[in-house]
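Data first, discussion second: the structure below is written as structure tokens.
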Amino acid sequence: MTDTAARTAPAEIQAQAQTQAQTQTRADAPQKSRGIQTPEVVGGTQPAPAPRLEALQAPQDGCTAAARRDAMQRLVAAGLPKPRDEYWRYTDPKLLNADTPAPLAIGDEEPQMFGSLDRLRLVFVDGVFDPAASDAPDADGVRIETLQAADAQPGHWIAQSYGALEAAGQKPVVRPFAALNTAVATNGLAIHVSARVARPVHIIHRRRDEAADVVLHHVIRLDAGAELTLIETGMAGARENTVIEADLAPGARLHHIAAIRAAGTRIGARHIFACVDEDAAFKSFTLSLNGTLMRHESVIDIAGDDSVAHVAGAVLGDGAQGPFHHDDTVFVTHGAERCESRQVFKKVLKNGAVGVFQGKILVKPGAQKTDGYQISQALLLDDDSQFLAKPELEIYADDVRCSHGSTTGAIDPVALYYLRSRGVPKDRAIVMLVLSFLAEALAEVEDDDLRAEIGDRLELWLNRHATADSHRAGSA
């Protein structure tokens, strides 16, 4: 019996959001015949911008050479994206297509997140691993090598894994910047997890070169029953192209948390490709603060029965210092029975900032008892900001529960009045309502200590920008 029903978030979370809905879409996916085939590749074979491709230098040696050649062939055939491409309609790729990034001044570093946490620190400076600043990359249950070191070893496990999930993730949607990354990346990590790792692995990014154009590729393999928490913080460069490939064997667990603080004209494209086998769990949360143009793509293949995949994000964008555009594009494929997926994205936008969400749930034939949930919401703190959403469901099974919802709204004036009538200053009241709005996304972080520190950083950013707005209003 068919069970495809719209769901809403828990009542208590909805009560916290305190938004006045301006536009809202909630839809159940129509049932489609099993005879309908998976759609063809979206993206086409338009000519690529020649200067950027001609400048690429793909390594010719190493155990990953075959994967790199394949990626370069795919990139040349597809070309770099253009604004008219279906999945780039809301985000102009011009800055990502440029030959070189604009220099980005190096300012004072903010206090490091998770500094009090017992973790294994791996430091990258301008996208290059810095062993002197890092902890020894060894811990019980995990083996960590640089991409260069692994690539130089004939028969290394990375030869079969490098680029494999990225290549599979190119259908049905072409992802040119991921193919570019696979073709040319020489820096990154090869992480093999064989058991439960007690300490989180923390990738820390630092900058010295104002014009660093960073390309990083991390490959993670988790054996059956293994578990890892992976944290990323900091700014990698003036422009960043990062790919993470995560292959989870049966019963494995991967918790991924990225806190990406951007500034000035920083631009970047980040991709995560994950394959989740039977009874495994993949959970990813990204915190994004400021920047000119950021595109985050998550491509998740739920391949084994009884598995779980959660992808969540919280975005804070302020266009007062320059253009802000943030794009989350998610594609989750259900290919097994009794599996669960969640996409939870919240964006807070002000001073002309633009947020984009493109999320899709694809349920393949035979993926019965699928439970797929998708919510994207934006809180606009002024009339100049904008949120563009494209939620999608595509279902080829007949016993599933899938839903998507998207809302855009402003601060609820009734809630704001209630707080102010009880003596809460306006700026503080707005911060409290914004934190409540972000709560559902933040709840996707399982670890209490990590979640609390992220919440503290969110509040710090909100207080700082509320103060800056007050100063601008006072001087007007």
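The values are calculated or read from the model by the stated rules, or taken from the named source; none is laboratory data. Fair warning: this is a prediction, and the values are worked out from it, not measured in the lab. Positions of Cβ are backbone-derived with ideal geometry, glycine not excepted, and every protein chain shown enters the neighbour counts. Each accessible area value is taken on the protein alone, full model and side chains, heavy atoms only, with ligands, DNA and RNA left out. Shrake-Rupley method; radii C 1.70, N 1.55, O 1.52, S 1.80 Å.
General remarks:
- Apolar share of the accessible surface for the range 162-207: 52 percent from carbon plus sulfur atoms, 1.4 Å probe.
- Label positions at ARG428 and VAL414, each projected 7 Å from the Cα along the C-beta direction, are separated by 2.5 nm.
- Helix-only mean residue ellipticity at 222 nm for the chain, each DSSP H run of n ≥ 4 adding -39500 (n - 2.57), per residue, nearest 500: -6500 deg cm²/dmol
- Using heavy atoms of the protein chains and a probe of 1.4 Å, the accessible area assigned to LEU381 is about 60 Å².
- Where SER161, SER341 fall by accessible area, highest first, once all protein chains stay in place (1.4 Å): SER161, SER341
- Distance violations [Cα-Cα > 19 Å] among LYS171/LYS364; LYS346/LYS390; LYS346/LYS369; LYS283/LYS360; LYS347/LYS426; LYS350/LYS426: LYS346/LYS369; LYS347/LYS426
- For the chain, the square roots a ≥ b ≥ c of the C-alpha gyration tensor eigenvalues yield an a/c under 1.5, which makes the shape rounded.
- The antiparallel fraction among DSSP beta bridges confined to the chain stands at about 10%.
- Computed over neighbours whose Cβ is under 15 Å from that of GLU166, the net charge equals +2, Lys and Arg +1, Asp and Glu -1.
- Accessible area per residue (1.4 Å probe, heavy atoms of protein chains only) ranks ARG342, ARG428, ARG119 as ARG428, ARG342, ARG119, with the largest value leading.
- With θ taken as phi - 60° and the Karplus curve 6.51 cos²θ - 1.76 cosθ + 1.60 applied, the whole-hertz 3J(HN,Hα) list for the range 437-450 is 4, 7, 4, 5, 5, 5, 5, 6, 7, 6, 6, 4, 5, 5 Hz, x standing for glycine and proline.
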